[in-house]
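Okay, so here's the structure we're looking at.
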Amino acid sequence: MSLANGRSYLAIPGPSVMPDAVLRAMHRAAPNIYEGELVDMMDGLTRDLKRVARTDQSVAIYIGNGHAAWEAALSNVVAAGDRVLVPVTGRFGHGWADMAGGLGCDLQVIDFGRKTPFDLNRVEDALRMDKDHKIRAVLATHVDTSSSVRNDIAGLRKVLDAVGHPALLMADCIASLGCDLFEMDAWGVDVMVAAGQKGLMVPPGISFVFFGDRAAKQRAGMERVSRYWDWTPRSQPEFFFQYFGGTAPTHHLYGLRTALDMIHAEGIEAVWARHAALARAIWAAADAWGQGGPMELNVVNPADRSHAVTSLRLGAPYGTALRKWVETQVGLVLGIGLGMSEPGDPAGDGFFRIGHMGHVNAQMVMGMLGSIQAGLIALDIPHGSGALEAAAGVIAAG
Ligand SMILES: *Cc1c(COP(=O)(O)O)cnc(C)c1O
């Protein structure tokens, strides 16, 4: 018998769960885009966005997904023939590198596999070898959403400084912004890209490029920048339409306004702490399951794990079987294993991911873990005992 009817939980790593308040804020007639509320909203909106990113510098908004923000950011600071250094820890770094490749950049990719973060010594070596400073930017994914590896962005800045290398430090915080601690200015990040549908709790279709003075200077030295991606008018608009290079994403802006209100009412430090505690509860359950069966957290060292997404190994075909079971029997949607094996390889059925980003609280996580426990029992997948007890202990400790 299926017990799936009722409110479902989409526990995939983006799009994330949308708060009812965000949905309500968007449920309205089209607003005027020439004057009035929407136009008046923008100063506060960009200010509060920058507070989430912990920056006093600039932000440009794009109507597009994370891939759009990748291309937008690159288009302002690198051109065909420029070299970019891309340390990769899963799937998404390759995606950003590929975007740079499409713009004609000369790619220098260092692949660190799918289980561990950047080895900063190897990045340092690559920068030191670049005596002529041909590398114009380092593209670094903060949280890789496929492997759930979290990289040390502040450490990367220290490496650039130690080497005395002038390349821009560009961070992909699409999965981490509003979930994992991130300090754009304090960490010396030159460019940061984010999107709406993960920690920011709004629908896909709006993305952000934050940039600082060093990046603005590199932009000013560019021979040409595509009109649409150019961040200059978007970040310093003379007219409202320049924020968006055309018609505003009207309803996304109302949703975002409400989401930012929710984030700042809770307090960004409290938002980070909530994500950290919920992640620890998930890890505690997974560790207990793993004591008596094949379940394994993909990232071994807790300090290297994302607080927004968790990648797990269960062995084929258990990963896919568990996902199907919880979806049809319980009303819980877990994420597919992404980028953990080659497409078509049956080993791909051994992975799954839990999205726990944005509008997620302890009862949702406990319900999700209890549902996975039920699936392990129903499917006869070997597992250790005490997982829910362990997770509850983490929640009880706060
Ligand atoms: C989701 C995600 C992307 C891609 O975003 P889209 O909106 O799907 O284009 C890129 N990088 C990271 C780290 C992500 O989590």
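Summary table
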quantity	calculated
Hey, residue 358 buried (at least 20 other Cβ atoms within 10 Å of the Cβ) and free of Cβ contacts under 8 Å to residues at least 60 places away in the same chain or not	no
Members of region 132-160 found to be within 16 Å of the ligand (Cβ to nearest atom), in contact (Cβ under 8 Å) with a residue 40 or more places away in the chain and of a type in the set (Val, Ile, Thr), listed by number	138, 141, 143, 145, 149
One residue from 4, 53 being within 16 Å of the ligand (Cβ to nearest atom) and among the small types (Gly, Ala, Ser)	53
Filtered residue count, region 100-154, keeping only those that are surrounded by fewer than 17 Cβ atoms within 10 Å (Cβ to Cβ) and out of contact with any helix residue (DSSP H, G or I) (no Cβ under 7 Å at 6 or more places or on another chain)	17
Any helices (runs of 4 or more DSSP H) falling wholly within region 65-131 and containing at least 1 residues that are at pLDDT 95 or above and within 16 Å of the ligand (Cβ to nearest atom)	66-77, 92-102
Yes/no for residue 328 being within 29 Å of residue 174 (Cα to Cα) and either surrounded by fewer than 22 Cβ atoms within 10 Å (Cβ to Cβ) or hydroxyl-bearing (Ser, Thr, Tyr) (or both)	no
Any hit, region 196-211, residues being open to solvent by 20 Å² or more (accessible area, probe 1.4 Å), under 30 Å from residue 259 (Cβ atoms) and more than 16 Å from the ligand (Cβ to nearest atom)	no
Which listed residue, of 51, 47, is closer than 19 Å to residue 171 by Cα and in a helix (DSSP H, G or I)	51
Test set (1) among the aromatic types (Phe, Trp, Tyr); (2) in contact with a Cys (Cβ under 8 Å, 6 or more places away or on another chain); (3) free of Cβ contacts under 8 Å to residues at least 60 places away in the same chain - residue 272 fails condition number	(3)
Pair list, Cβ < 6 Å and 6+ apart or interchain, from region 333-346 residues that are outside the structural domain of residue 89 (by TED's automatic domain parsing) to residues that are of a type in the set (Ser, Thr, Tyr)	338/146; 339/146
Test: residue in region 173-182 that is of a type in the set (Phe, Trp, Tyr), away from the ligand (no atom under 16 Å from the Cβ) and either surrounded by 24 or more Cβ atoms within 10 Å (Cβ to Cβ) or not assigned by TED's automatic domain parsing to the domain that holds residue 357 (or both)	no
Residues satisfying the stated conditions in region 44-65, i.e. open to solvent by 10 Å² or more (accessible area, probe 1.4 Å) and either more than 20 Å from residue 185 (Cα to Cα) or not assigned by TED's automatic domain parsing to the domain that holds residue 98 (or both)	63, 64, 65
Pairs, first open to solvent by 50 Å² or more (accessible area, probe 1.4 Å) in region 1-19, second modelled with pLDDT of 95 or more and of a type in the set (Lys, Arg), C-beta under 8 Å, six or more apart	15/198
Condition check for residue 39: more than 18 Å from residue 198 (Cα to Cα) and buried (at least 18 other Cβ atoms within 10 Å of the Cβ)	no
In region 84-99, residue surrounded by the fewest Cβ atoms within 10 Å (Cβ to Cβ) [restricted to those that are over 16 Å from residue 175 (Cα atoms) and not β-branched (Val, Ile, Thr)]	98
Which listed residue, of 290, 339, is of a type outside the set (Val, Ile, Thr), open to solvent by 10 Å² or more (accessible area, probe 1.4 Å) and at pLDDT below 95	339
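The values are calculated or read from the model by the stated rules, or taken from the named source; none is laboratory data. Small disclaimer: the values here were computed from a predicted structure and weren't measured. As a convention, Cβ positions derive from the backbone with ideal geometry for all residues, glycine included, and neighbour counts pool all protein chains shown. Heavy atoms of the whole protein, side chains included, go into the accessibility calculation; ligands, DNA and RNA do not. Shrake-Rupley method; radii C 1.70, N 1.55, O 1.52, S 1.80 Å.
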